[in-house]
1. Name the residue, out of G208, G233, that is at pLDDT below 90 and over 30 Å from T101 (Cβ atoms).
2. Filter segment 98-118 down to residues that are touching a helix residue (DSSP H, G or I) at 6+ places or on another chain (Cβ under 9 Å) and more than 30 Å from L140 (Cβ to Cβ) and give me whichever is most open to solvent (accessible area, probe 1.4 Å).
3. Among (1) at pLDDT 90 or above; (2) open to solvent by 50 Å² or more (accessible area, probe 1.4 Å); (3) of a type outside the set (V, I, T); (4) within 26 Å of L364 (Cα to Cα), which single condition is G285 missing?
4. What's the number of the condition G52 fails, among (1) closer than 29 Å to N215 by Cα; (2) surrounded by fewer than 20 Cβ atoms within 10 Å (Cβ to Cβ)?
5. Restricting segment 281-312 to residues that are aliphatic (A, V, I, L, M) and over 16 Å from L355 (Cβ atoms), which is farthest from the chain's Cα centre (by Cα)?
6. Quick one: which residue in V81, V24 is within 24 Å of the chain's Cα centre (by Cα), closer than 30 Å to V174 by Cβ and of a type in the set (A, V, I, L, M)?
7. Enumerate the pairs (first residue in segment 1-24 and within 15 Å of G91 (Cβ to Cβ); second residue anywhere and among the charged types (D, E, K, R) and open to solvent by 40 Å² or more (accessible area, probe 1.4 Å)) with beta-carbon separation below 6 Å, excluding pairs fewer than 6 apart on the same chain, so at least 6 apart or on different chains.
8. Out of curiosity, is L152 outside any loop (DSSP other than H, G, I, E, B), closer than 30 Å to R6 by Cβ and open to solvent by 30 Å² or more (accessible area, probe 1.4 Å)?
Amino acid sequence: MNNNIRVGNLFGIPFYVNPSWFLVLGLVTLSYGTGLAAQFPTLPAGASWGLGLVTALLLFSSVLAHELGHSFVALKQGIGVKSITLFLFGGLASLEKESETPGDAFWVAIAGPLVSLLIAGSVTLFAALTGISGPLAAILGVLASVNMALALFNLIPGLPLDGGNILKALVWKVTGNPYKGMKFAGRVGQVFGWLAIASGILPLALFGAGINFWNVLIGWFLLQNAGQAAQYGTVQDKLAGLTAADAVIADSPVVAQSLTLREFADQRVLDTKNWRKFLVTDDDGQLIGAIEVEDLKTIPSALWSETSVQALVTTIEPSLTVAGDRPLSEVVQLLEERKLTALSVVQSNGILVGLLEKTAIINLLKNGVAATPA
């Protein structure tokens, strides 16, 4: 997972920290350690730094609890959680798939802020009931306020924040299309990203004050992720209703097993020089494997006329085939996850439909038709 460091498992969920987390941990420790030393001058130097570290770890534990809130609701809906990662801007729970209904998506999104609000309220109530004072009271105050801020900030209605996912669920409920919700919430997230950047730079332009780099960083983070979400939603919306069969290349590289190697070389290889690999079908049109042009070198050319294509057929891994009626949006995800450039498309009875290439999907999105490769 990029440069993330595997820490262990939490309730069966892989837990990672990004190297940027250590930078923030140090900065938060320094900030709160210095603040506690100034607020309580009688504290020994070592104690203030130790309490600063404890405060930092409690704050990150709050972020972790926030992400576990999302994760537990997702698991209850039967959605697997691939990982939880802490990084520079907080945390991220990576889910295996989207919720099946807008209502379910809403509860996954709202769970994190609700956990943060619960922590803020519980800590505040505990401090009030116990009458605790001194450095521990200060730490509890910070913990309550940060959790409140974490909840409210995440409720901003723009992706990739929780509020953006809530907005996406609401638009999904109204339109019946989850990707329209993703597009809309992504665009709103970009607006908030620009506002955050402006709030960090305008004080310098208007008042000659320093730039608020934290606001600029947050704005940049929102812009990048919201833009990706909006783009993804746009693509998925265009793919809605299309299947793998719709993106099959015209004149796919297909040959019959009964052809001789001489016929294969003359009719297919020489006429279609772009293809170096061909799908092979039996007499009923069912996919039985593939043949590569390079394999012709393994048979003396004098024997090509008496040797069939079937002699050089190699099997195709099941993972490299896909059903013709499978939604094209799922096929795109499959290509990305497995780092593939092409898939063989077959009907339920094994009859070959043709070859699907990633470039053909791009052409389909741009032009509405799949183009034959140049």
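1. None of the other options fit; the residue is G208.
2. Ranking the qualifying residues of segment 98-118, first place goes to E98.
3. If we test G285 against (1) at pLDDT 90 or above; (2) open to solvent by 50 Å² or more (accessible area, probe 1.4 Å); (3) of a type outside the set (V, I, T); (4) within 26 Å of L364 (Cα to Cα), just (2) comes out false.
4. All conditions pass for G52, except number (2).
5. Looking at the filtered set, the residue picked out is A302.
6. Among V81, V24, only V81 is within 24 Å of the chain's Cα centre (by Cα), closer than 30 Å to V174 by Cβ and of a type in the set (A, V, I, L, M).
7. Hits for this filter: Y16/R6.
8. Spelling it out, it is not the case that L152 is outside any loop (DSSP other than H, G, I, E, B), closer than 30 Å to R6 by Cβ and open to solvent by 30 Å² or more (accessible area, probe 1.4 Å).
The values are calculated or read from the model by the stated rules, or taken from the named source; none is laboratory data. Values in this document were obtained by computation on a predicted structure and should not be read as measured data. Here Cβ is always computed from backbone atoms with ideal geometry, including for glycine, and neighbour counts include all displayed protein chains. Surface accessibility is based on the protein's heavy atoms, side chains included, excluding ligands, DNA and RNA. Shrake-Rupley method; radii C 1.70, N 1.55, O 1.52, S 1.80 Å.
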